[in-house]
Amino acid sequence: MDKSRIKSIIEKYNAVVHKDEELNIEFWYARELMPLLGYERWENFDQAIKRAMNSCDTSGIEVLDHFREVTKMVQLGSGSNRNIKDFMLTRYACYLIAQNGDPKKEEISFAQSYFAIQTRKQELIEERIAYIERTEARGRLRESEKRLSQNIYERGVDDAGFGRIRSKGDTALFGGKSTQDMKKKLGVKENRPLADFLPTLTIAAKNLATEMTNYNVEEKDLRGESSITVEHVQNNSTVREMLGKRGIKPENLPASEDIKKLERRVKSQEKKIATQSGKLP
């Protein structure tokens with residue numbers, strides 16, 4: 001998500017925030033928030049709110065402090081009035097709703113960051129969105145490598161063989177530098193996965209090559225370590241060539257912060273959201 005897009009969305013969120021000056025608390029109305037989270041039907045959003053309320057209760061936090069059902073009077077097209085259900089939501093409540101949404105939706109990814117950052121400074125939101133994108137990329141790579149491991153095991157290759165295949169793929173992607181070479185270059189401990197310290201672009205590149213290998217192993221029914229190694233090396237070489245045409249050499253990209261440290265820091269921040277949000281009057 002680019003900076004101009006983030007700035008535009010921040011402005012839309014800030015436009016619907018309400019404040020209780022006496023209690024020094026910010027809150028949002030669910031019906032005003034709903035379209036910003038990508039929901040079109042109230043019935044669906046109401047269900048998302050209920051899931052968030054259950055999550056709040058499970059965490060041992062008083063639900064009514066953060067979710068307050070209210071009734072609003074709206075005018076219909078005919079000119080008559082009708083009462084409709086709405087909710088007052090603290091920042092913590094909004095965060096829980098976003099956490100219970102589909103993370104693949106851009107609106108949800110943004111909301112998770114917007115409501116997690118107390119000051120809501122754009123640079124901090126950008127930083128957290130980048131973290132989400134990186135962790136999602138890491139998760140996809142983990143799943144594709146798990147699938148590759150299962151695929152090749154069914155085709156006569158053991159765990160040691162899988163390690164060799166993956167290592168040779170890395171050597172092809174990183175221009176002749178092995179996994180161990182890259183760990184040494186980036187300062188990664190021997191017992192840690194290299195991918196936990198790679199930037200999002202490199203993680204995505206590794207995932208693309210691995211998915212290509214999965215596809216061809218299944219489509220061509222490749223068997224044995226030798227043939228699968230050739231396939232995986234070719235796919236990593238192809239991805240490297242594609243990056244090279246854009247002036248990118250994966251081995252020259254700097255290391256990113258340890259993804260495990262990021263996860264611990266984010267979890268620590270999330271524990272504070274409820275108390276920082278205040279309580280509804």
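For residues that are of a type in the set (Val, Ile, Thr) and more than 18 Å from PHE67 (Cα to Cα), scanning just region 8-36, find the one that is surrounded by the fewest Cβ atoms within 10 Å (Cβ to Cβ). Result: ILE10.
Looking for something buried (at least 18 other Cβ atoms within 10 Å of the Cβ) and either of a type in the set (Asp, Glu) or free of Cβ contacts under 8 Å to residues at least 12 places away in the same chain (or both) - is there at least one such residue anywhere in region 94-115? Checked region 94-115: no residue is buried (at least 18 other Cβ atoms within 10 Å of the Cβ) and either of a type in the set (Asp, Glu) or free of Cβ contacts under 8 Å to residues at least 12 places away in the same chain (or both).
When TYR131 is tested against (1) of a type in the set (Ser, Thr, Tyr); (2) more than 23 Å from ALA209 (Cβ to Cβ); (3) free of Cβ contacts under 8 Å to residues at least 12 places away in the same chain, exactly one condition is not met: (3).
Every residue, every condition in (1) in contact with a strand residue (DSSP E or B) (Cβ under 8 Å, 6 or more places away or on another chain); (2) over 17 Å from PHE45 (Cβ atoms); (3) assigned by TED's automatic domain parsing to the domain that holds ALA205; (4) not in a helix (DSSP H, G or I), yes or no:
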position	(1), (2), (3), (4)
LEU96	no, no, no, no
ILE108	no, no, no, no
LEU124	no, yes, no, no
ALA137	no, yes, yes, no
ARG140	no, yes, yes, no
GLU143	no, yes, yes, no
LYS146	no, yes, yes, no
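Once region 116-146 is narrowed to residues that are within 27 Å of ARG91 (Cα to Cα) and in contact with an Asp or Glu (Cβ under 8 Å, 6 or more places away or on another chain), the residue that is surrounded by the fewest Cβ atoms within 10 Å (Cβ to Cβ) is THR135. If the condition is being small (Gly, Ala, Ser) and free of Cβ contacts under 8 Å to residues at least 12 places away in the same chain, then region 8-67 contributes SER8, ALA15, GLY60.
The values are calculated or read from the model by the stated rules, or taken from the named source; none is laboratory data. Worth saying up front: this structure is predicted, and the values here are computed from it rather than measured. Note that each Cβ is placed from the backbone with ideal geometry, even for glycine, and that neighbours are counted across all protein chains shown.
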